[in-house]
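> Quick one: the structure is below, and I'll ask about it shortly.
Bear in mind that the values in this text are calculations on the coordinates, not laboratory data. What you see is a predicted model; the values in this text were computed from it and never measured. Here the Cβ is made from the backbone with ideal geometry for all residues, glycine too, and neighbour counts use every protein chain on show.
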Amino acid sequence: MSAALLIDILLWGSVFGVGLIAFRRGPPVFKASLREGSMDFINIVPRIALGVIGSGYIAAIIPQEVITGWLGPDSGWLEVATAVVAGAATPGGPVIGFSIGTVALKSGGGVPQVVAYVVAWALFAFQRVILWEIPFMPARFVWFRCAVSVPFPFVAAAIAMVIGKP
Amino acid sequence: MLESSPKPPAPAEDAESEPRPGRARKPIGWSTIIIAALVAVSAALVWRRDGTDGVLEILTHDLSLFGGILPRVLAGCLLGAFISEILPHEKVSRSLGPKSGLMGLLIGTAFGAILPGGPFTAYPVASALLAVGADFGATIAMVVSWTLIGYGRAVAWEIPIMGTDFTLWRILISLPLPVLAGALGRFVYVRVYPKRAGDEEAA
């Protein structure tokens, strides 16, 4: 069974589970939730469409090699900081982010900055923030969360420096 | 029918079964405008470099990607709506609110780690938690936990591409980060928004 199928099963299973709980609270609650969820969906689709369909173009004009070039072999704080910026600037989905990390590791990139890169990408890759997080969440929360997250790729790199390679 | 009573029975139960009023939805904001501009400029650059074929090739690929994602976005929206409807406000504010302490951050972290799906579930659910009384700190712990130690992306993408050793090691390093990020979030929040934080405590 593929991972994607497993995730879909878990996802719809969870929807079914909470839906059942809502249904047992009474049909008005269930109907109101269904209506809320559907309205959210209808409102969000144009933005997701714009982002998903547009992200291919953004990824096409920021070549991966440029970002891989930022992840060199020397592991100082300057290199870690560069990796953090690279993580934030990486366009596209998880395939691109993790592939860049793998290429950097294989071509001799230092482990702390690759960790910093992956963690920074996970925390605040600009494309995910504007494509997914802003449409679904209050903008004030999103910017606050991103600002608060800035130190943590550095913390991850520091832990990596202390405990060593995988 | 003996007597028609206009009064609703058992107000306490009724409060539970009464659906909450709908959330306010955002109109098209400036972030949509920025991304639209970014996409337009990028598409124009691709067109200049690769011509119409290049533009169409990316469009077909991304349209099929979009088609695959749509049902999951619907699942995420329904999950968020059901969760915000069934979670009792008082309990959420007690276990994930501003006064929930370390336990609130740990609950947020655990919730983010077990949440299935991708961004299409994490953000609607996080938004629902905020709406029913979780504070910024616990919600930050949840979002950071989902992105750093959640299994969804790790299983689907990170392990196949980066390998099991690196992924597990990276997750191990990330374990303390959601709680730390949530704690930092709380610490900063009461200083940046002292008035709001005071209101929430009074409420």
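> By the scheme Lys and Arg +1, Asp and Glu -1, what is the net charge of all other residues having a beta-carbon under 10 Å from that of residue A:56?
Combined, the nearby Lys, Arg, Asp and Glu give -2.
> Taking the number of other C-beta atoms within 10 Å as the exposure measure, put A:161, A:137 in order starting with the fewest.
A:161, A:137
> Same structure, new question: Given 37 °C and 0.692 mPa s, compute D for the stretch A:62-163 with the Stokes-Einstein relation, Rh being the Kirkwood radius over Cα pairs; round to the nearest whole µm²/s.
After rounding, the answer is 243 µm²/s.
> I've got another one for you. What does the structure give for A:151-163 when I average, per residue, the other chain Cβ atoms found within 10 Å of the residue Cβ?
What the average comes to for A:151-163 is 3.
> Give me the distance between the Cα centres of the stretch A:48-105 and the stretch B:75-100, rounded to whole Å.
34 Å
> Shifting gears a bit: Provide the packing ranking of B:142-149, A:41-48, i.e. peptides ordered by the mean count of other C-beta atoms within 10 Å per residue, highest first.
Highest mean packing first, the order is B:142-149, A:41-48.
> Using the Cα centre as the reference, give the magnitude of the dipole from point charges on the C-beta atoms of the protein assembly as shown (Lys, Arg: +1; Asp, Glu: -1; all else neutral), rounded to the nearest 20 debye.
Charge dipole of the protein assembly as shown: 440 debye, to the nearest 20.
> Within 10 Å of each Cβ in B:40-52, how many Cβ atoms from other chains are there, averaged over the peptide?
If you average over the peptide's residues, the count of other-chain Cβ atoms is 3.
> Mind jotting down the three principal axis lengths of the stretch B:100-203 based on Cα atoms? Whole angstrom, largest first.
49, 24, 21
> Please order B:193, A:57, A:117 by the number of other Cβ within 10 Å, starting at the fewest.
By the 10 Å Cβ count, ascending, the order reads B:193, A:57, A:117.
> Please determine, in degrees from 0 to 90 and to the nearest 10, the orientation of helix A:27-61 with respect to the longest principal axis defined by the Cα atoms of chain A, where the helix direction is its Cα long axis.
Orientation of helix A:27-61: about 30 degrees from the principal axis.
> Provide B:57, A:65 in ascending order of the number of other Cβ atoms located within 10 Å of each residue's Cβ, fewest first.
A:65, B:57
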